[in-house]
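Data block below; observations after.
All of the numbers you see were taken from the coordinates with simple rules; none came from a lab. These numbers were taken from a predicted model, which means no experiment stands behind them. Quick reminder, even Gly has a Cβ in these numbers, built from the backbone with ideal geometry, and neighbours come from all protein chains shown.
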Amino acid sequence: MNAVELIEVKKAFSNVQAVKNLTLTVPEGCVYGFIGPNGSGKSTTLRMIMRIIYPDEGIVRVLGADTFGAANDLVGYLPEERSTYKKMKVREVLCFHAELKGLRRPSALVDEWLERLGLIDWREKKVETLSKGMAQKVQFISSVVSKPKLLLLDEPFSGLDPVNNEAIRKAVIELHQEGTTIIFSTHDMRTAEVMCDYIFMIYRGDKVLDGTLESIQNQYGTDMIRVRVEGNAVGVGELQRIRGVSDAKDLGHFKELRVAGGVDTQAILHRLCELGRVVHFEVSRPSLHDIFVRIANPTAEESDETAVPALQGE
Amino acid sequence: MRKIWVIAFREFNATVRTKAFLVGIFLMPVLMCGSVVVSIITEKLEDRSSQKIAIVDRTPGAKIAPILQTAVEKRNAQDTVNKKTGERSSPEFKLEIVPPSGSDQAAVESQRVELSKRVKDHEIIGFLEIGPDANNQRATLTAILGAIGKPKPAAPDEQADDREDPALCRFQTVPTNAGAIDFYRWSLIQVTLITRFGLTNVDEKTQKAIFDQKPPVVMLGLTTLDEKGNAIDDEGNLKTAAQLAVGLGMMMLMFMMVMVGSTPLLQSVLEEKMQKISEVLLGSVQPFQLMMGKLMGMIGVALLLSVVYVAGTLFAVNYYGFGEYIPLTLLLWFLFYLVLAVIMYGSLFSAIGAACSDMKEPQALMLPVMMPIILPMMLVGLIIKNPDGIVARAVSLFPPTTPMMMLLRQAMEANVRPWEQVVSTIGIIAFTVFCVWVGGRIFRIGILMQGKAPSFKQLVQWVVHG
């Protein structure tokens, strides 16, 4: 069964089309990453799944049902803006949220989670006395304490130090192992690469990527070459003039070349050897980061039509 | 439904468990009863040491001053001491008889200036000047009595009008001196007894008999028969005043509850929207549940406050024996109207809170909602004058003003016809449901809307189109 199905969903705010004709399927038990630049429609999509807002058109089916209200006790939600009742004590506020999810006498569960994220000593403190990272962990607990079947996290890792980041990551992975379907949005491509079974990218309201990391990378083929010429003798300008190279970037010790589809990389190596002594030559697939930048960087988009694959406007 | 209770409970706790609320709940009655408490305390702290008063007796032979002197001595010995405790209950008076100056205007005035200076210097608390003709008032009285039915005597020459009445006695003091007021009251009785009735050395009983005579005409309510068939007079004035006080008190309490509850409700909805707390909540509850939860919390707070105040009032009222003026049915009506008023105005206020995104924005939208809350306050005078008039009946049937106005009319035992009662009750229930519906629709859209506050027209569109 699918945890979430969106079928031809549209949503506009005044005259801005936030989500255009989106169809998306999230299988049960997976980790789905939502990526995309700021303001591209990630949060809107999450809110529609959460049924905080309703689509103008289309069907939003969550855990098999398409007509319940926002109050779905089986769905946990961590919104992008972190805020909660500042005057309440940590434990009180968590029990309140748990009870709103239909739990009765949730204090034992709350304590368990506080223990798990190292906040047990703070349970009787007011939320306003917590540091930002701690408050974020409290809010994370409030979204997971009811053991949801589906968990929506809107940028759960932003603004966290590495230690807290790791703690929440571990908790998310554990929930996934226990069978929770997880959808999260992120700007950190590394996190998306390592954590997600599927990645979905939305750009200006359109779905531009959807699938496993491998399938996405396959769409782009092996069009990256990383080279190092001894003594850094060759400049970016020279590299760009090589036939078949569409773009070249200076990464410091390495240069990164992007080649057009169907170009023989051996010919490029040949040409490089003529320019200097090649000490490193690696043909690779673009990382998620590269793909993201290619799609979301308008200049790249204009200079290279192939950057946005055929999915657009589907 | 459970979720509504969870929200209501949190809302109630968040309000009730603040220091401001606890201080407020005790402070409000203190402020209301403050003047009474202060006067009791100051009475206890009042200066009971002896007070000196100067007497200038201008009557021929200065015959009144010695009589007053004797009366003062008698008073000091008997009346100023509490017989049970032996403590002094009011200050002793000490009279200083000052020989009068010459009788010409200038001399009289210069003596007054001189004595006034002594008052300012705290040597004496005041001075009593007994007019030269004071002792001739019995004659005057007889003359007045004799003049009834006879043509009025011609006005004396104009100059006489400007002159001081020679029969007049004047007590001059600084009006803030409490002991001086006591002396004034005492001297008023004494001088009257002496000059008008020619009585000296009057015992307390006789004094009472003279001054405490019942007025020859009293005003009463209507006569009705009780269960046993005995004719009973309504207490008239007293009852009307008590009913009015009860009605006004309940109306004020309701006004206070609506104001005390609605404004924070608006603020809390708006704050939660601004801080995006509502978004988290909407992940768990529907907008309507959120609004109803908040309303229930507010009803809880209003009921708690009312119960505290009403119970306090009932206790005080019963203690003083006025319990009968707050009938149980009226209290039940009060609770009924209070709950409906809180829901009615609370749902509109929370909708306004949800529609705005900035603390300054609600002002304009609040005005039309505030009007029916304030209107009864402005009409109170009119309703009291004529509780069965056309205005009173109209506003008590107009649902937004029904709670306060109908309650006032009921408290005053106005002639509320049965059909009026039925229509107003149905009306206010229907209107409350309507307000919740309207509020819910605005709330649902507004709570997720960011940016500029909607205009009134837009709000109407939200309500109509959803």
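If R0 is taken as 22 Å, the Cβ-Cβ distance between B:Ser50 and B:Glu123 corresponds to a FRET efficiency of 0.95. Relative contact order of the stretch A:1-123: 22 percent, from C-alpha pairs under 8 Å at least 6 residues apart in sequence. Can you pull the one-decimal nm distance between simple spin-label points at B:Gln69 and A:Ser284, each 7 Å off the Cα toward Cβ? Result: 12.2 nm between the two label points. Taking other C-beta atoms within 10 angstrom as a stand-in for reagent exposure, B:Trp5, B:Trp419, A:Trp113, B:Trp186 fall in the order B:Trp419, B:Trp5, B:Trp186, A:Trp113, fewest first.
With viscosity 1.002 mPa s and temperature 20 °C, the Kirkwood radius over alpha carbon pairs of chain A converts through Stokes-Einstein to a diffusion coefficient of 99 µm²/s. Within the straight-line cut-off of under 16 Å between alpha carbons, the lysines reachable from B:Lys205 are B:Lys74, B:Lys214, sequence neighbours fewer than 8 places apart in one chain being disregarded. Take the Cα of B:Lys452, step 7 Å toward its Cβ, do the same at B:Lys208, and the gap between the two points is 7.9 nm.
Projecting the Cα atoms of B:Thr432, B:Met359, B:Ala392 onto the dipole axis of the stretch B:342-436, where Lys and Arg carry +1 and Asp and Glu carry -1 at the beta carbon, places B:Ala392 farthest toward the positive end.
Along each principal axis, taking the top coordinate minus the bottom one, the Cα set of the stretch B:234-298 gives 62, 18, 11 Å in descending order. Filter B:Lys273/B:Lys294; A:Lys147/B:Lys273; A:Lys86/B:Lys273; B:Lys94/B:Lys120 down to the pairs with a C-alpha to C-alpha distance above 21 Å, please. Over 21 Å apart, Cα to Cα: A:Lys147/B:Lys273.
The stretch B:179-199 to the stretch B:1-28: how many Å between their Cα centroids? If you average the Cα positions of each part, the centres end up 59 Å apart.
Counting only helical runs of four or more DSSP H residues, what would the 222 nm mean residue ellipticity of chain A come to if each run contributes -39,500 (n - 2.57) and the total is spread over all its residues? Working shown, then result.
Values: 11 runs with 105 residues, N = 314.
It comes out at -9500 deg cm²/dmol, rounded to the nearest 500.
For a Förster distance of 25 Å, can you work out the FRET efficiency between the beta-carbons of B:Gln172 and B:Ala62, rounded to the nearest 0.05? Please list the in-between numbers first.
On the way: r = 19 Å, r/R0 = 0.75.
The calculated FRET efficiency here is 0.85.
With both labels modelled 7 Å from their Cα along Cα-to-Cβ, the B:Gln363 to A:Arg105 distance reads 5.2 nm.
Given a Förster distance of 56 angstrom, what is the FRET efficiency for B:Leu225 paired with A:Lys125, based on the Cβ-Cβ distance and rounded to 0.05? Working shown, then result.
On the way: r = 71 Å, r/R0 = 1.26.
So the FRET efficiency works out to roughly 0.20.
Ordering B:Asn13, A:Ala296, A:Ala233 by Cα displacement along the dipole of the protein assembly as shown toward the positive end leaves B:Asn13 in first place; charges were set at the Cβ atoms of Lys, Arg (+1) and Asp, Glu (-1).
Projecting the Cα positions of A:Val31, A:Leu63, A:Tyr77 onto the charge dipole of the stretch A:1-88 (unit charges on Cβ atoms of Lys, Arg, Asp and Glu, taken about the Cα centre) puts A:Tyr77 furthest along the positive direction.
Label point of B:Leu314 set 7 angstrom out along Cα-Cβ; within the stretch B:338-367, amide nitrogens under 17 Å from it belong to B:338-339. When only alpha carbons are used to place a centre, the stretch B:343-400 and the stretch A:71-86 end up 36 Å from one another.
Assuming 0.890 mPa s and 25 °C, estimate D for the protein assembly as shown with Stokes-Einstein, Rh taken as the Kirkwood radius over Cα pairs, in µm²/s. Before the final figure, lay out the partial values.
Numbers: Rh = 35.0 Å.
Result for D is 70 µm²/s.
Among the listed pairs A:Lys10/A:Lys249; A:Lys125/B:Lys19; A:Lys11/A:Lys87; A:Lys42/B:Lys360; A:Lys89/A:Lys132, a Cα-Cα separation exceeding 27 Å is found for A:Lys10/A:Lys249; A:Lys11/A:Lys87; A:Lys42/B:Lys360.
Over the stretch A:1-146, with a single point scatterer placed on each C-alpha, what log10 of the ratio I(q)/I(0) does the Debye formula yield at q = 0.08 1/Å? Computed log10 I(q)/I(0) values: -0.27. For A:Asp210, A:Asp197, the sequence from fewest to most other C-beta atoms within 10 Å is A:Asp197, A:Asp210. The ranking of A:Tyr32, B:Tyr184, B:Tyr309 by Cβ neighbour count inside 10 Å, starting from the fewest, reads B:Tyr184, B:Tyr309, A:Tyr32.
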